[in-house]
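Notes follow once the structure below has been shown.
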Amino acid sequence: MSVIDNLNKSREPSSYSNELFNEQWQLYQKILLNSYMKHQEIYGILHQWLVNNFQKPFSMLELGCGDASFTAQALSNTTIASYQGIDLSEAALLIAQSNMEPLPCRATFTQGELLEYVVELVQKQQENFDLILSSFALHHLSFEQKDFVMGKLLHLLKNGGIFLLIDVFRSENEKREDYLKRYLEDVHKNWSQLTHQEYSLVEEHIRKSDFPETQSIFYSLATKHGFTRKECLYHDTLDTTQMLCFYAPTCEMR
């Protein structure tokens, strides 16, 4: 049995997105449009960061792209030249293709498992990216899977390339059970447009599928796998959601 087989025996990274797009589309839209997970704020910051940091044409890979609606907004009026998206949900990818059409770049999409796709790209050694984005996807992975993915990403980045991680995080020294309690209390208090049934579905998913790490754990993984610099671009007031940058070494440093 391969390493990927062993890792995939754990939690599937895209099961939640597949469920949302195929069975709970209205709930997914309600969460995004009300910015309960701070998408509007985060992707506004991301857009300005892209404008400031990529004056020349750049290539991008998005792991767990979903319908790419907010990504397309962030990429508008940037120098994006090529985009690749991977997601488990076929329905999401059809919408993503439509959302990316207005952008003047080459966009391709692949349906499949995040872990398998990353390994396939590394094995092919045919393409490297200026930027890799993962948004609210890696927290569905086990620690071993996160470690595995981080170990592969440097092989997919160009010299000086960047891995950008948008996700939920535990506070330092916070146990998963305490994180879940704290996060769900905020959902119950502030996600006011959800019905009782919708809240139950969200709670069920979070308890079953969310396995966030702390910022320091990701920083340690980045150092372990050769990233040379780390930076936090966004940190919400609840101390759950962050946007982190991990910088690959330049050719002089490799």
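Can you name every residue in the stretch 119-156 that is in contact with a strand residue (DSSP E or B) (Cβ under 7 Å, 6 or more places away or on another chain) and either of a type in the set (Gly, Ala, Ser) or more than 23 Å from residue 37 (Cα to Cα) (or both)?
The first filter runs over the stretch 119-156 and keeps only residues in contact with a strand residue (DSSP E or B) (Cβ under 7 Å, 6 or more places away or on another chain), leaving 128-139, 153, 156.
Within the stretch 119-156, 128, 129, 130, 134, 135, 137, 153, 156 meet the criteria.
For every residue, the table says whether it meets (1) in a helix (DSSP H, G or I); (2) at pLDDT 95 or above; (3) touching a His at 6+ places or on another chain (Cβ under 6 Å); (4) on the phi < 0 side of the Ramachandran plot.
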position	(1), (2), (3), (4)
16	yes, no, yes, yes
26	yes, no, no, yes
32	yes, no, yes, yes
52	yes, yes, no, yes
77	no, yes, no, no
95	yes, no, no, yes
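Looking only at the stretch 54-74, count every residue that is in a loop (DSSP other than H, G, I, E, B) and more than 24 Å from residue 150 (Cα to Cα) and tell me the total.
To start, the set of residues in the stretch 54-74 that are in a loop (DSSP other than H, G, I, E, B) comprises 54-57, 64-68.
When the remaining residues are screened for being more than 24 Å from residue 150 (Cα to Cα), the result is 55-57.
So the answer is 3.
Hey, among 201, 114, 131, which residue is of a type in the set (A, V, I, L, M), touching a Gly at 6+ places or on another chain (Cβ under 7 Å), surrounded by 16 or more Cβ atoms within 10 Å (Cβ to Cβ) and at pLDDT below 95? Walk me through how you get there before you give the answer.
Numbers: 201 fails: touching a Gly at 6+ places or on another chain (Cβ under 7 Å); 131 fails: at pLDDT below 95.
That would be 114, the only listed residue that is of a type in the set (A, V, I, L, M), touching a Gly at 6+ places or on another chain (Cβ under 7 Å), surrounded by 16 or more Cβ atoms within 10 Å (Cβ to Cβ) and at pLDDT below 95.
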Filter the stretch 55-102 for residues that are among the hydrophobic types (A, V, I, L, M, F, W, C), surrounded by fewer than 19 Cβ atoms within 10 Å (Cβ to Cβ) and touching a strand residue (DSSP E or B) at 6+ places or on another chain (Cβ under 9 Å); the one that is farthest from residue 157 (Cα to Cα) is 94
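The values are calculated or read from the model by the stated rules, or taken from the named source; none is laboratory data. Remember, predicted model here, so these are calculated numbers, not experimental data. Here the Cβ is made from the backbone with ideal geometry for all residues, glycine too, and neighbour counts use every protein chain on show.
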